[in-house]
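The values are calculated or read from the model by the stated rules, or taken from the named source; none is laboratory data. What you see is a predicted model, and the numbers here were worked out from it, not measured in a lab. Note: ideal-geometry Cβ built from the backbone for every residue, glycine included; neighbour counts use all protein chains shown.
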Amino acid sequence: MTAPEIENLDFDFLNSDDYDELTKALEVTYNGTLSPWWEEDKIAKLVDVFQEGQVVIKVNGEIVACALSIIVDYDKYSDNHSMKRITKNYSFDSHTEEGDVLYGLDIFVVPEYRGLRLGRRLYDYRKELCEKYNLRGIVLGGKITNYQTYLNDNTPKEYIEKVKRKEIDDEVLNFHTANDFYPSRVLKAYIEGENAKNEFSVLLKWDNIYFEKPSAQVESKKTVIRLGLIQWQMRPYKDINEVMQQAEFFVDAVSEYRSDFALFPELFNAPLMAQYNNLSEHEAIRLLARYTEEITNRFSELAIAYNINIITGSMPELRDNALYNVGYLCRRDGTQERYEKLHVTPDEARVWGLQGGNQLKTFDTDCGKIGILICYDSEFPELSRLLADEGMDILFVPFLTDTQNGFSRVRHCAQARAIENECYVAIAGSVGNLPNVRNMSIQYAQSMVFTPCDFAFPSNGIKAETTPNTEMILIVDAEIDALRELHEFGSVRNMKDRRKDVFQLRKLVKNP
């Protein structure tokens, strides 16, 4: 199935005014058969008593996915309950702020938009809601719709075991187990009107490992940001599809660990120049620039599908017949922003004819402000200082170096940027050889995450690092609260102690 064209994706709370639009999505999803809790007055009640539990995903302004939930005092109900009982006859009077379990009433994704992992995004939100309100976990009843086909030869327990072993395909069970749920017990006649003999549901649970008793303080914003760094292997690729297949593999891998960002290296798509090796270097890289728009759009689709912000490293781009080294921040909400390499190396200017860009800015994300500098730019401390003045917490540096000399320059300068700007700095590069691409024959890299050097951080300022010259990923947690503590109470305070009475720093070019 061809994925629908997505111009904008919004994750928002459900409102009563959305009901007519919601009904359209429901009719497509459930073939016009609606459960009692989907009636208009019931939706209005849910929104009124617990709006945070009722969320929707809109694509191009239209609702394509929705999740409904309430908080219940689960000890008042046994595991062997019905939907009617847990909701107090669909009145939702069972919802209580003093409860300890998030109860999932329903979740759906319009069929046309399945495969984009929108359901996973809804469950990631529900899990974060559990952590926010310090709930024990999520409980829900899921109907095993395929069971009727196998009921003559299998008990419900046998059916569930076969689904676990992948002998039987069950969409509901597969979806929930993929989202870390486990079956707790079999329920008969869970939904009102079902035949207790032939209709079965499964009680599914997810446990919040961060649950503490008594309840913990509610956190209003994300304070731990998970970074996924891709140390990319340069190898021959037949075409753009092979490149993006490998890119999706890595995006999938880091998203499995619930990473908030995926960082790719500078000029990671250079292997595609092999087909132009009969041309001069500057002609080959200009032909490589033809792929940049398509690669960026496909990265944007991956960002939505895998619920992760992707920093695309860099690629050549032609604008007004001038060649630039640029990259894109592809946010998980479908939006994109462009960044440029400001300083090109003498080799890049001489061999490829690259020109330096003019745009320097921070980027707002759902994880706070970030900055992005491409390779050589990290060796100019003024740039990162300007970004830090705008509130940057994490600086991403996609790089490409051929020798240890070049890598050492980027590595040590990046570490200095972390110390002087009181921020995290993540660098990711490429490894391997490209014998059929001129001016790109060898690469050397070790991807790393640097921190300031103070008591809340590693004493050597290295949070984590990969094995040099080996294709791999690096998953690292960046604790933003530690930066706030450093800024106020650090042993030294580089940002606060600057002598602004002696020197000043400002940008001469305003960003568009």
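The conditions of being under 20 Å from Glu422 (Cβ atoms), exposed (fewer than 14 other Cβ atoms within 10 Å of the Cβ) and more than 29 Å from the chain's Cα centre (by Cα) are not met by Ser441. Once region 306-337 is narrowed to residues that are closer than 20 Å to Ile230 by Cβ and of a type in the set (Lys, Arg), the residue that is nearest to the chain's Cα centre (by Cα) is Arg332.
Scanning region 259-305 for residues being modelled with pLDDT of 95 or more and in a loop (DSSP other than H, G, I, E, B) gives a total of 7. Scanning region 330-354 for residues that are closer than 22 Å to Glu294 by Cβ and in a loop (DSSP other than H, G, I, E, B) yields Arg331, Arg332, Asp333, Gly334, Thr335, Lys341. Among residues that are in the same structural domain as Ser408 (by TED's automatic domain parsing), within 30 Å of Asp402 (Cβ to Cβ), of a type outside the set (A, V, I, L, M) and surrounded by 15 or more Cβ atoms within 10 Å (Cβ to Cβ), Glu471 is included. Once region 210-258 is narrowed to residues that are among the basic types (Lys, Arg) and over 19 Å from Glu293 (Cα atoms), the residue that is modelled with the lowest pLDDT is Lys221.
A Cβ distance below 9 Å, combined with a sequence gap of six or more or placement on separate chains, defines the contacts here; from region 13-32, residues that are part of a helix (DSSP H, G or I) reach residues that are aromatic (Phe, Trp, Tyr) and surrounded by 16 or more Cβ atoms within 10 Å (Cβ to Cβ) in the pairs Leu22/Trp38; Thr23/Trp38; Ala25/Phe108; Leu26/Trp38; Leu26/Phe108; Thr29/Phe108; Tyr30/Trp38; Tyr30/Phe108.
Condition first: assigned to a helix (DSSP H, G or I) and in contact with a Cys (Cβ under 7 Å, 6 or more places away or on another chain). Can you find one or more residues in region 487-506 that meet it? Checking region 487-506: not a single residue is assigned to a helix (DSSP H, G or I) and in contact with a Cys (Cβ under 7 Å, 6 or more places away or on another chain).
Looking at Leu287, Leu318, Leu323, can you tell me which residue is in contact with a Lys or Arg (Cβ under 8 Å, 6 or more places away or on another chain), surrounded by fewer than 17 Cβ atoms within 10 Å (Cβ to Cβ) and of a type outside the set (S, T, N, Q)? One residue alone meets the criteria, Leu318. Residue-level check: of (1) under 26 Å from Asn307 (Cα atoms); (2) part of a helix (DSSP H, G or I); (3) among the hydrophobic types (A, V, I, L, M, F, W, C), Val56 misses just (2).
Among the numbered conditions (1) part of a helix (DSSP H, G or I); (2) of a type in the set (Gly, Ala, Ser); (3) at pLDDT below 90, the only one that Ala3 does not meet is (1). Taken over region 129-164, the criterion of being among the charged types (D, E, K, R) and part of a helix (DSSP H, G or I) is satisfied by Glu131, Lys132, Lys157, Glu158, Glu161, Lys162, Lys164.
Any residue at all in region 89-96 that's of a type outside the set (Val, Ile, Thr), without any contact (Cβ under 8 Å) to a residue 12 or more places away in the chain and surrounded by 13 or more Cβ atoms within 10 Å (Cβ to Cβ)?
Among the residues of region 89-96, not one is of a type outside the set (Val, Ile, Thr), without any contact (Cβ under 8 Å) to a residue 12 or more places away in the chain and surrounded by 13 or more Cβ atoms within 10 Å (Cβ to Cβ), which makes the answer no.
Do we find a residue being outside any strand (DSSP E or B) and under 17 Å from Lys205 (Cα atoms) anywhere in region 105-112? No, every residue in region 105-112 fails to be outside any strand (DSSP E or B) and under 17 Å from Lys205 (Cα atoms).
With respect to the conditions (1) surrounded by fewer than 18 Cβ atoms within 10 Å (Cβ to Cβ); (2) in contact with a Pro (Cβ under 9 Å, 6 or more places away or on another chain), Gly490 lacks only one, and its number is (1). Residues of region 418-438 being over 18 Å from Asn269 (Cα atoms) and either free of Cβ contacts under 8 Å to residues at least 40 places away in the same chain or within 25 Å of the chain's Cα centre (by Cα) (or both), which ones? The answer is Ala418, Glu422, Cys423, Tyr424, Val425, Ala426.
For region 33-43, a tally of residues being surrounded by 15 or more Cβ atoms within 10 Å (Cβ to Cβ) and either part of a helix (DSSP H, G or I) or among the aromatic types (Phe, Trp, Tyr) (or both) returns 4. The condition of being assigned by TED's automatic domain parsing to the domain that holds Phe175, at pLDDT below 90 and not β-branched (Val, Ile, Thr) holds for only one of Gly104, Gly115, that being Gly115. Of all the listed residues (Phe11, Phe92), the sole one being modelled with pLDDT of 90 or more and either hydroxyl-bearing (Ser, Thr, Tyr) or under 30 Å from Tyr257 (Cα atoms) (or both) is Phe11.
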